[in-house]
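Q: Before I ask anything, here is the structure I am working with.
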Amino acid sequence: MTTLSHRAPFTVVRIALCAGALLATAGCITPDGYYRDLGAGGSGQGGGSGQGGTSAGTGGATASGGAAGTGAGGTSPVTGSGGATGTGGATGKAGATGSGGTISTGTGGATSTGGTTGSGGATGSGASSGSVLFSDGFENGTTNWVTSGPGTASTLTDGSNVYELSCLMNKVYLSAAGVTTWTDVIVQAKVKILSFNGSSSSYYAGICARVQDASNYYCVALRSDGSVSIRGDIGGSSNSIGSSASYGVTAGTWYTVQLEVVGGTISASINGTPVLPKSASSPITDSSLTNGGIALAVENADAEFDDVSVTVP
């Protein structure tokens, strides 16, 4: 990158962080069938009296519930032409159960098409090791980012578009991106510190993971005393996690910084060389935060950031 040549601040939009999307599933059922009881079929249309003589009347003995007919002059009743059962029959044509049948499972089945894990899952749908979850070189502005805290944010030209954060006081200024459902991630960014507001182990610029809000995150910090450390802000209380490592951080120099969080284990490297935990030291661990987005951070510092990426370990 070249020396800072031009500053052209853009308008900064401040909004609150939000959680990941929710999944919703929907099922359906077919309409209930209907039952139509047609009774015994009513009386046949015939029946009544025959016209005399010895033959039976047309009514017949039984016509779907009708009574036996009697020929007016006949000697004995016989079955009439109406038959033993009327046209309607004992049961209507619709049957005991309508065409809808009994309640059935809707088209979506027992499990919706999206499956048990939505595309916004912990590492995205089907994400594998090395998959890129997020990247931003700030060539299209800073619409992916939201800020929190007292400070200023702007885009500058320093060889390419870069993102500057400045907070020259004992307060942390964060600019966050991503989704809070991310779990195990590798966050990488180029960081150049323009200046520190004094010399203290608490003055730093860094990159953060598992950012749930402005009071809960992990961060690898490039400090004004030249060292590097892992910081944990848990419930608003900020402390170093594990021991720091001397590195010789200086202003005006670009560093490629990487923070890796897998389960409860945290590690960091600079320019491709592991720095935390220090060689032959125990792993740096903390289980306070299990998921979150990412952020860039400064405290009593003015720094530039570029080429941010988030990948699956």
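Q: Note down the nm distance, to one decimal, between modelled labels 7 Å out along Cα→Cβ at LYS171 and at THR250.
A: Roughly 3.3 nm, to one decimal.
Q: Skip the ligands, DNA and RNA, and give the accessible area per residue of the stretch 192-245 with a 1.4 Å probe, whole Å². It would help to have the intermediate numbers written out before the result.
A: Numbers: 1650 Å² over 54 residues.
Heavy-atom accessible area per residue stands at 31 Å².
Q: Test of understanding: extend the Cα→C-beta vector of ASP225 to 7 Å, then name every residue of the stretch 180-208 with backbone N under 17 Å from that spot.
A: 196-206
Q: For LYS192, go through the aspartates and glutamates and keep the ones whose alpha-carbon is under 18 Å away, minus same-chain ones fewer than eight residues off.
A: In chain and number order, the partners are ASP136, GLU139, ASP158, GLU164, ASP225, GLU299, ASP302, GLU304, ASP306, ASP307.
Q: If I model a spin label as a point 7 Å beyond the Cα along the Cα-Cβ vector, how far apart are those points for SER199 and SER281 in nm?
A: Output for this residue pair reads 2.1 nm.
Q: Can I ask one more? Leaving ligands, DNA and RNA out of it, work out the accessible area of SER244 with a 1.4 Å probe and give it in Å² to the nearest 10.
A: That residue has around 40 Å² of solvent-accessible surface.
Q: Translational D (Stokes-Einstein, µm²/s) of the stretch 162-313 at 4 °C and 1.567 mPa s when Rh comes from the Kirkwood sum over C-alpha pairs?
A: On the way: Rh = 14.8 Å.
Reported coefficient: 87 µm²/s.
Q: Same structure again: Run through the stretch 169-240 and list the trypsin sites (Lys or Arg not before Pro) located in a DSSP loop whose Cβ has at most 16 other Cβ atoms within 10 Å.
A: LYS171
Q: Can you classify the stretch 228-313 as rounded, prolate or oblate using the Cα gyration tensor, where a ≥ b ≥ c are the square roots of its eigenvalues, rounded means a/c under 1.5, and otherwise it's prolate if a/b beats b/c and oblate if not?
A: Values: a/c = 1.36, a/b = 1.21, b/c = 1.13.
Rounded shape, in that the Cα axes give a/c under 1.5.
Q: Also, quick follow-up: Obtain the nm distance between the two label points defined at ASN239 and ASN161 by a simple spin-label model: each point lies 7 Å from its Cα along the Cα-to-C-beta direction.
A: That separation, rounded to one decimal, is 4.1 nm.
The values are calculated or read from the model by the stated rules, or taken from the named source; none is laboratory data. Being a predicted model, the structure only gives us computed values, none of them experimental. We place every Cβ from the backbone using ideal geometry, glycine too, and count neighbours over all the protein chains shown. The accessibility values were calculated without ligands, DNA or RNA, using every heavy atom of the protein model including side chains. Shrake-Rupley method; radii C 1.70, N 1.55, O 1.52, S 1.80 Å.
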